[in-house]
Amino acid sequence: MRTAPGVTTRNRRWLAVVAFVTAIAFLPLAVISVVVSRWVRADMSTVGAVDFARPLVIPPLAGSATDAGGRRVFDLRLQAGTTDFGLGRPTATWGINGSYLGPTLRAKRGEKVAINVTNDVGEATSLHWHGMHLPAEMDGGPHQMIRPRTTWRPSWTIDQPAATLWYHPHLHGDTAKHVYRGLAGMFILDDSSMSRDLPHAYGTDDVPVIVQDKSFTRDGQLDDHEPLFSPTGFLGETILVNGAVAPYHDVTTDKVRLRLLNASNARIYNFGLVDPAGRQRGFALIGTDGGLLPHPVGTGGIQLSPGERAEIVVSMRPGEDLVLRSRPADLGADFWNQRFAGGDDTLDILQLRAGDTLAATPELPERLAPTPDLKEADAVTTRKIALGGSDINGRDMDMSRIDEVVTVDTTEVWRVSNGDGTPHSFHIHDVQFVILDVDGATPAPPLRGWKDTVYVAPNSSVRLLMRFADYTDPDSPYMFHCHLLRHEDQGMMGQFVVVKPGQRAGQPHSHPPPN
Ligand code: C2O
Ligand code: CU
């Protein structure tokens with residue numbers, strides 16, 4: 001062994017001991033310095049750093065054909081490709097009928113739809129119709145896996161009010177990855193009772209706004225590394241709207257309707273509008289996840305966790321610019337979780353540029369939709385759903401286990417609680433619910449309409465009222481889960497079946513059956 005001159009074996013032992021003791025002494029300091037530097041950097045603001053230099057891309061409306069059975073047929077092809085995000089290099093992405101995101105599907109209440117979903121991304125996935133009331137086998141959850149180079153053909157009848165829904169993969173364990181790569185799109189439902197006085201020219205004064213956060217590697221590729229200490233999963237610093245970085249939209253009418261969809265993996269946005277002087281501008285909230293509110297609600301901000309939607313109407317003056325900005329969100333968490341879940345971030349998202357003359361549009365109608373008609377007195381049971389760790393009621397998702405059995409044509413209360421100090425949310429398939437209370441208090445006006453996803457703050461609980469109707473299948477479960485995609489993938493998900501009175505739950509079967 002080589003030894004430096006003058007260093008004896010005994011000296012070497014001492015040196016090792018001294019080095020070891022020093023390392024132990026400095027370890028806490030090293031840890032503290034990492035925490036402090038992360039803490040400082042965890043509070044992000046992009047105000048003033050966003051150029052709004054690209055026009056907003058409007059996802060095309062998906063074409064459709066009518067088949068012999070009178071069904072409206074859509075063809076969707078999930079594919080791999082490259083996308084130019086303006087970073088100087090093409091980025092490898094996934095998309096639907098294109099390289100990133102998918103077309104907007106649109107159908108009317110009462111219509112039969114059939115969708116051919118072809119999987120050309122090279123690995124198994126699924127496609128779920130988030131917010132849709134439909135038979136469990138058509139739902140596109142983890143049991144409706146689409147193997148590579150195969151086509152899945154769900155069909156159902158649209159039977160729910162006008163709403164802004166969306167679609168995304170739901171393969172168990174891979175949802176976060178597949179959504180992050182670009183598989184998602186909007187699904188707009190119309191119904192004939194909808195007022196024509198609401199802005200409704202798609203892409204002009206009725207604008208889809210699909211918001212996602214991304215990180216890019218130095219060579220321009222999507223990076224899904226989670227920030228250190230993030231309790232909720234991936235948080236990116238570049239915001240995309242409909243797949244465009246920092247876009248602007250030219251407004252030509254005095255009112256513009258934005259259909260906001262949080263299609264991010266984990267980020268919770270607190271959307272508001274600011275004028276060029278930095279003043280907050282109010283807007284009208286007209287709809288939430290499951291449809292229009294009974295009346296427009298004037299507000300300065302709307303907080304959306306992943307999967308939630310809001311329809312808002314913004315009034316503009318000729319020649320002005322407004323910025324859609326996400327301000328620090330109220331996560332109801334301790335300072336650590338608040339900060340490391342991105343709750344202290346301020347992010348500029350989209351610029352609205354009003355033309356010098358704006359076409360006049362009708363006044364917003366006072367009455368938008370019927371008040372949700374569920375009654376707590378009709379509830380036949382209260383189920384307790386406890387979110388914590390990566391479990392629900394202490395159990396990890398198991399695709400072969402039915403967790404809850406619901407009888408069709410009944411109303412139920414689900415009490416969802418979050419007991420582990422980190423942010424969670426709750427989403428349930430097949431139904432839209434009404435929030436009875438948040439920690440015992442009447443929910444704020446933005447939470448009084450139809451919802452399918454709700455944020456559940458740490459150490460709080462919500463009581464949800466819902467009615468299960470129409471479709472029964474003892475063998476095909478629907479999902480309920482946290483919609484923070486990392487938590488969902490980790491197993492914070494359960495399964496329920498809807499059965500006929502007296503019927504027992506069966507054995508979940510997957511389509512196609514596992515090899
Ligand atoms: Cu948006 Cu179960 O999903
Ligand atoms: Cu969660």
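The values are calculated or read from the model by the stated rules, or taken from the named source; none is laboratory data. Because the structure is predicted, anything quoted here is derived from the model rather than measured. Cβ coordinates were reconstructed from backbone atoms using ideal geometry, including for glycine residues, and neighbour counts include every protein chain displayed. Surface accessibility is based on the protein's heavy atoms, side chains included, excluding ligands, DNA and RNA. Shrake-Rupley method; radii C 1.70, N 1.55, O 1.52, S 1.80 Å.
Could you pull out every one of the lysines with an alpha carbon less than 22 Å from that of residue 375, ignoring same-chain neighbours closer than 8 positions?
384, 451, 500
Using the Karplus curve 6.51 cos²θ - 1.76 cosθ + 1.60 with θ = phi - 60°, work out ³J(HN,Hα) for each residue of the range 20-33 in order, rounded to whole Hz, and write x for Gly and Pro.
In residue order, the calculated couplings are 5, 4, 4, 4, 4, 5, 8, 4, x, 4, 4, 4, 4, 5 Hz.
Run the Debye formula on the Cα coordinates of the range 246-363, all scatterers equal and no solvent, and tell me log10 I(q)/I(0) at q = 0.12, 0.22 1/Å.
-0.45, -1.31
Excluding residue 139 itself, what net charge comes from residues whose Cβ is under 12 Å from its Cβ, given Lys and Arg +1 and Asp and Glu -1?
Overall, the nearby charge balance is -3.
For residue 54, what residues show an amide H to amide H distance below 5 Å, using hydrogens built from the backbone and excluding near sequence neighbours?
The list, which skips near neighbours in sequence, is 248.
Counting only heavy atoms of protein chains, what accessible area per residue, in Å², does the chain have with a probe of 1.4 Å?
Ligands and nucleic acids excluded, the result is 41 Å² per residue.
Kindly write out, for the range 502-508 in residue order, the coupling ³J(HN,Hα) from the Karplus curve 6.51 cos²θ - 1.76 cosθ + 1.60 (θ = phi - 60°), rounded to whole Hz, with x marking Gly and Pro.
3J(HN,Hα) across the range 502-508, in whole Hz: x, 7, 9, 5, x, 10, x.
Out of residues 5 or more away from residue 320 or on other chains, whose amide H comes under 5 Å of its own, with H placed 1.01 Å from N in the peptide plane?
Residues meeting the criterion, in which the H sits 1.01 Å from N, are 354.
Enumerate the calculated ³J(HN,Hα) couplings along the range 283-292 in order (Karplus 6.51 cos²θ - 1.76 cosθ + 1.60, θ = phi - 60°), each rounded to whole Hz, writing x wherever the residue is Gly or Pro.
My calculation for the range 283-292 gives 8, 9, 8, 10, x, 10, 2, x, x, 6 Hz in order.
Between the range 428-498 and the range 193-213, what's the alpha-carbon centroid distance in Å?
Centre-to-centre distance over Cα atoms comes out at 25 Å.
Nearest-5 percent of antiparallel DSSP beta bridges in the chain?
70 percent
Within the P(r) computed for the range 419-515, what percentage of the Cα pairs occupies the region above 18 Å?
In whole percent, the share of Cα-Cα pairs in the range 419-515 beyond 18 Å is 56.
Once you treat every alpha carbon in the range 320-379 as an equal point and sum by Debye, what is log10 I(q)/I(0) at q = 0.15 Å⁻¹?
One equal scatterer on each Cα of the range 320-379 leads to -0.85.
Skipping prolines and chain starts, which residues have an amide H placed within reach, meaning under 5 Å, of the one on residue 165, given they are 5 or more residues away or on another chain?
Sorted by chain and number, the residues that satisfy this are 187, 188, 189.
Roughly how many Å² of residue 398 are accessible to a 1.4 Å probe, to the nearest 10?
Its heavy atoms expose roughly 60 Å² to the probe.
Roughly what % of Cα-Cα distances in the chain sit above 29 Å, to the whole percent?
52 percent
Need one value: the accessible area of residue 500 in square angstrom, 1.4 angstrom probe, rounded to the nearest 10.
Its heavy atoms expose roughly 110 Å² to the probe.
Considering only protein heavy atoms, what is the solvent-accessible area of residue 145 at a probe of 1.4 Å, reported in Å² to the nearest 10?
Approximately 60 Å² for this residue.
Give the residue from 314, 184, 248 lying farthest towards the positive end of the charge dipole for the range 174-322; charges sit on Cβ (+1 for Lys and Arg, -1 for Asp and Glu) and the dipole is referred to the Cα centre.
314
Quick check: at a probe of 1.4 Å, how many percent of the accessible area of the chain sits on carbon and sulfur atoms? Present the calculation step by step, with values, prior to reporting the outcome.
Numbers: 11140 of 20970 Å².
In the chain, the share of accessible area belonging to carbon and sulfur is 53 percent.
If you put +1 on each Lys and Arg Cβ and -1 on each Asp and Glu Cβ, how big is the dipole of the chain around its Cα centre, in Debye rounded to 20? Can you show the working numbers first?
On the way: 49 positive and 59 negative charges, 285 e Å.
Dipole size: approximately 1360 debye.
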